[in-house]
Amino acid sequence: MKTFDMRFSVEKNTIYLHLHLEKDVYTFDTPYQITEKEWNYAEQRPENPYTKNAKIICEGLDRIKIVIADRLRDRKVNQTNVQQDIQTRLLESYRQKPSLKGDNLIHQINVYIESRKHIIGPNTLKRYHVFLRLIQRFEGYSMKHFKIKEINASFVKQFFRFGNEENYSPSTLYRTISFIQTVLNFLEKRGIRTFSYELELPKIKKKTPFVTLSEEELNRIKQTAIPSELQHARDWLLISCYTGQRISDFMNFRSDMIKIIKGKHCLAFQQQKTGKDILLPVHPEVLHIMEKYPNKFPPKKSEQLYNRQIKEIARLANISKLVYYNKRAGHRSKPLLIPKWQAMSSHIGRRSFASNFYGRIPTPLLMEATGHGSEGMFHSYINQMDIQRTIALGRYFDHTYESSPIKEEADE
């Protein structure tokens, strides 16, 4: 087997490949363009791998590594004219992407995704493609296309080594392996033998930091003087915190969705993400807001503008308690200690609704409002470290202590 190494460099905005064999070094130009300032020599990729051009470059370089490595592993490789042989392979890889079929992992993942398109939602499809791209990056790292028979415990070990070097979160790696196992189980049902049982992983409980707004903070936001251009965003923020819905739903609320049922105003709508029909009693605070418009909801806003404006509203209201929140640091998200207003986004309303009413309203009724299918999922939306409930528990302790025999003995 040949021993080899591949390195890339940038000269005059062109990426060059340097192929190191046992006795010689061969240099090839590639069709990929980037400035030297934008190239990370240590990582052997663009400094920011998430721009549109960088993604094209990374995909192309991974393809180059796999094509050359496959050729050099072939004992029939032209021993007398390696440079010409490799150059021919490179030109072929530039012209068209390899057609992967049969027992190739990437091919079977694409088959699985295609078979599920008619029964999954757009968010699930998007998540599947995220898994697929991560696996493709791993193949570039490994310089090979994996076959189904190679997906075993050793594959998992190599994948986690790659993920740790690239600073992916453990949950991302676990979810990707779980997705691969799903694909293997799909193949097993079609009579294809796999090693899916070797991909069993212990489930990890990941504590994802998230923020909520207490009722005291909501009142502060409501009372704070803000510029007129922020008024609509504040009203939507309050509406979201008293309806518990996603922005894809609450930003599409209309007055004709309100039905009067036994004298009670209720919102009837279908959740966009789940397709679930929701009948939600309208909180008095929401009705009070609607009176401003009159009896309509505020004008719609884009999610980007809304997120930007509610951060400014919270800053003006001095919602500045330091909280841990996942923020992008470099190319990965990490929990950072930041003022709460900086962590504000459209989802804070849904989490605040669940947290503020938990323990005061029966959980099944709250789940009916939020549309959660399981109590476990609902609990993941609750800030169970809420200090208000801790204080309330303390008051119960005080009350029971006052009437307990232990206090009477302590007073004697």
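The values are calculated or read from the model by the stated rules, or taken from the named source; none is laboratory data. Just so you know, these numbers come straight off a predicted model, no measurement behind them. We place every Cβ from the backbone using ideal geometry, glycine too, and count neighbours over all the protein chains shown.
Counting residues that are closer than 17 Å to PRO299 by Cα and in contact (Cβ under 8 Å) with a residue 60 or more places away in the chain, which helices (runs of 4 or more DSSP H) fully inside the stretch 194-287 reach at least 2?
231-243, 247-250
Looking at the structure I just gave you, is ILE113 modelled with pLDDT of 95 or more, in contact with a His (Cβ under 9 Å, 6 or more places away or on another chain) and either surrounded by 15 or more Cβ atoms within 10 Å (Cβ to Cβ) or within 18 Å of ARG63 (Cα to Cα) (or both)?
Here the answer is yes, as ILE113 does meet what is asked.
May I ask you to say which residue of GLY191, GLY163 is surrounded by fewer than 17 Cβ atoms within 10 Å (Cβ to Cβ), free of Cβ contacts under 8 Å to residues at least 60 places away in the same chain and either small (Gly, Ala, Ser) or not in a helix (DSSP H, G or I) (or both)?
Being surrounded by fewer than 17 Cβ atoms within 10 Å (Cβ to Cβ), free of Cβ contacts under 8 Å to residues at least 60 places away in the same chain and either small (Gly, Ala, Ser) or not in a helix (DSSP H, G or I) (or both) holds for just one of GLY191, GLY163, which is GLY191.
Could you please let me know if TYR141 is hydroxyl-bearing (Ser, Thr, Tyr) and not in a helix (DSSP H, G or I)?
Spelling it out, it is not the case that TYR141 is hydroxyl-bearing (Ser, Thr, Tyr) and not in a helix (DSSP H, G or I).
One residue is enough: does the stretch 171-180 have a residue meeting the conditions within 30 Å of GLU47 (Cβ to Cβ), loosely packed, with under 14 Cβ neighbours inside 10 Å and not assigned by TED's automatic domain parsing to the domain that holds MET290?
Checked the stretch 171-180: at least one residue is within 30 Å of GLU47 (Cβ to Cβ), loosely packed, with under 14 Cβ neighbours inside 10 Å and not assigned by TED's automatic domain parsing to the domain that holds MET290.
Tell me whether the stretch 283-295 contains one or more residues that are within 31 Å of the chain's Cα centre (by Cα), polar (S, T, N, Q) and assigned by TED's automatic domain parsing to the domain that holds SER346.
No: zero hits.
Can you confirm whether ASP277 is under 32 Å from the mean Cα position of the chain (by Cα), surrounded by 19 or more Cβ atoms within 10 Å (Cβ to Cβ) and assigned by TED's automatic domain parsing to the domain that holds ALA369?
It is false that ASP277 is under 32 Å from the mean Cα position of the chain (by Cα), surrounded by 19 or more Cβ atoms within 10 Å (Cβ to Cβ) and assigned by TED's automatic domain parsing to the domain that holds ALA369.
Given the criteria in contact with a helix residue (DSSP H, G or I) (Cβ under 9 Å, 6 or more places away or on another chain) and more than 14 Å from LYS65 (Cα to Cα), does GLU36 qualify?
Taking the combined requirement at face value, the residue does not satisfy it.
What about TYR16, is it surrounded by 14 or more Cβ atoms within 10 Å (Cβ to Cβ) and out of contact with any helix residue (DSSP H, G or I) (no Cβ under 6 Å at 6 or more places or on another chain)?
Here the answer is yes, as TYR16 does meet what is asked.
Quick check on the stretch 75-97. Is at least one of its residues surrounded by 14 or more Cβ atoms within 10 Å (Cβ to Cβ) and modelled with pLDDT of 90 or more?
no
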